[in-house]
Amino acid sequence: MTSGKYGESNAVDLSDWGRYFAKILAKNLKNTPISVIQVTNIHLLISIFCSWLIIQGYTIESCFLLIIKGVIDAVDGELARLRERPSHVGRYWDTIADTIGLISVMFAFGIFLDWNSIFTFFMILAILFQYSLFNHFSIMMRRLGTGDSTSRLDERSTPMAHEWEKQRNVNFLHFIYVIFFSWQDSIISKLTGRGSKSLVFELTVSSLLGYGVQSIFIFSLALMGALQHLPKLVFGLNGIIMIIIILRSRLVKKSNF
């Protein structure tokens with residue numbers, strides 16, 4: 001499961017298990033009129049549909065479909081790479097769409113499991129921070145391993161649009177990203193510091209917090225009829241993983257990043 005997107009690194013992205021299938025789908029879409037943005041829209045619609053299924057009580061079906069959604073979520077990035085058209089619009093919209101999907105699904109779980117709105121809010125906030133931690137080291141590792149600069153640790157400055165995208169679209173989506181996401185990226189950066197020299201430990205362990213692994217955990221809870229324990233996963237296990245990563249990142253020899 002070592003991903004080529006990290007170059008020759010020995011890091012294992014445990015959450016990236018679906019990329020093999022995503023690459024196959026992307027190859028089949030390469031010469032079609034289907035755009036990267038349309039693929040992103042599809043996995044957003046799947047998340048919304050899953051939310052409806054959860055509210056209706058079809059938890060096993062919805063949680064399985066969330067795993068499929070994770071594979072489709074990787075297709076847009078693979079398609080952009082195959083077409084050699086990285087996109088700031090696609091990068092920002094993908095994050096926004098994922099967050100809309102997360103909010104929709106977690107509110108659905110809140111309704112199904114009878115959470116109050118404040119508890120649901122903190123569940124969403126915790127998951128966003130957990131994903132930000134994984135994304136933080138994923139970006140660092142991609143830049144360290146391949147020089148990929150499409151995603152940045154500090155997104156506060158507006159990037160220049162590629163020739164195949166419009167600057168006004170980049171400006172608009174960047175503005176939304178900064179308002180809703182940049183603050184949490186900044187907090188994570190301050191908590192973690194620069195990381196270890198190779199970043200292998202941080203990337204591998206933080207990948208447990210990625211969607212690919214978390215969706216399998218949630219599906220397992222659904223199969224066991226134990227979705228009431230979802231908060232223990234988010235605040236308990238995931239919280240411990242975050243603490244271990246942050247401590248390791250600060251205590252070991254720093255990277256040259």
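The values are calculated or read from the model by the stated rules, or taken from the named source; none is laboratory data. Computed from a prediction, not measured in an experiment: that's the story for all the values here. Positions of Cβ are backbone-derived with ideal geometry, glycine not excepted, and every protein chain shown enters the neighbour counts.
Can you tell me which residue is modelled with the highest pLDDT among those in segment 1-25 that are assigned to a loop (DSSP other than H, G, I, E, B), among the hydroxyl-bearing types (Ser, Thr, Tyr) and buried (at least 20 other Cβ atoms within 10 Å of the Cβ)?
Looking only at segment 1-25, we keep the residues that are assigned to a loop (DSSP other than H, G, I, E, B), and these are 1-3, 7-13, 17-18.
Remaining after also requiring among the hydroxyl-bearing types (Ser, Thr, Tyr): 2-3, 9.
Keeping just the survivors that are buried (at least 20 other Cβ atoms within 10 Å of the Cβ) gives 3, 9.
Values: Ser3: 46, Ser9: 72.
Only one residue fits best here, namely Ser9.
Within segment 30-68, track down each residue that is in a helix (DSSP H, G or I), modelled with pLDDT under 95 and not β-branched (Val, Ile, Thr).
The one that is in a helix (DSSP H, G or I), modelled with pLDDT under 95 and not β-branched (Val, Ile, Thr): His43.
If only one of Leu208, Leu230 is at pLDDT 95 or above, closer than 16 Å to Met106 by Cα and of a type in the set (A, V, I, L, M), which one is it?
Leu230 is the lone residue from the list that is at pLDDT 95 or above, closer than 16 Å to Met106 by Cα and of a type in the set (A, V, I, L, M).
Which one of Arg194, Arg250 is surrounded by fewer than 16 Cβ atoms within 10 Å (Cβ to Cβ), over 17 Å from the mean Cα position of the chain (by Cα) and assigned to a loop (DSSP other than H, G, I, E, B)?
Values: Arg250 fails: assigned to a loop (DSSP other than H, G, I, E, B).
After ruling out the rest, the residue left standing is Arg194.
If you scan segment 26-36, which residues turn out to be surrounded by fewer than 16 Cβ atoms within 10 Å (Cβ to Cβ) and either of a type in the set (A, V, I, L, M, F, W, C) or closer than 15 Å to Arg91 by Cα (or both)?
Let us first name the residues in segment 26-36 that are surrounded by fewer than 16 Cβ atoms within 10 Å (Cβ to Cβ), namely 27-28, 30-34.
Within segment 26-36, Ile34 is the sole residue that qualifies.
Residues to consider are Phe122, Phe107; find the one that is part of a helix (DSSP H, G or I), aromatic (Phe, Trp, Tyr) and exposed (fewer than 15 other Cβ atoms within 10 Å of the Cβ). Steps first, please.
Values: Phe107 fails: exposed (fewer than 15 other Cβ atoms within 10 Å of the Cβ).
Only one candidate qualifies: Phe122.
Looking at Ile218, Ile243, Ile188 in this structure, which one is part of a helix (DSSP H, G or I), surrounded by fewer than 17 Cβ atoms within 10 Å (Cβ to Cβ) and of a type in the set (A, V, I, L, M)? Quick ask: steps written out before the conclusion?
Values: Ile218 fails: surrounded by fewer than 17 Cβ atoms within 10 Å (Cβ to Cβ); Ile188 fails: surrounded by fewer than 17 Cβ atoms within 10 Å (Cβ to Cβ).
Every option except Ile243 fails the conditions.
Give just the number: which of (1) touching a residue at least 12 places away in the same chain (Cβ under 8 Å); (2) not in a loop (DSSP other than H, G, I, E, B) does Arg168 not satisfy?
(1)
From Asp94, Asp16, which residue is without any contact (Cβ under 8 Å) to a residue 60 or more places away in the chain and either in contact with a strand residue (DSSP E or B) (Cβ under 9 Å, 6 or more places away or on another chain) or among the charged types (D, E, K, R) (or both)? Don't jump to the end; show me each part of the working.
Details: Asp16 fails: without any contact (Cβ under 8 Å) to a residue 60 or more places away in the chain.
Going through Asp94, Asp16 in turn, just one is without any contact (Cβ under 8 Å) to a residue 60 or more places away in the chain and either in contact with a strand residue (DSSP E or B) (Cβ under 9 Å, 6 or more places away or on another chain) or among the charged types (D, E, K, R) (or both): Asp94.
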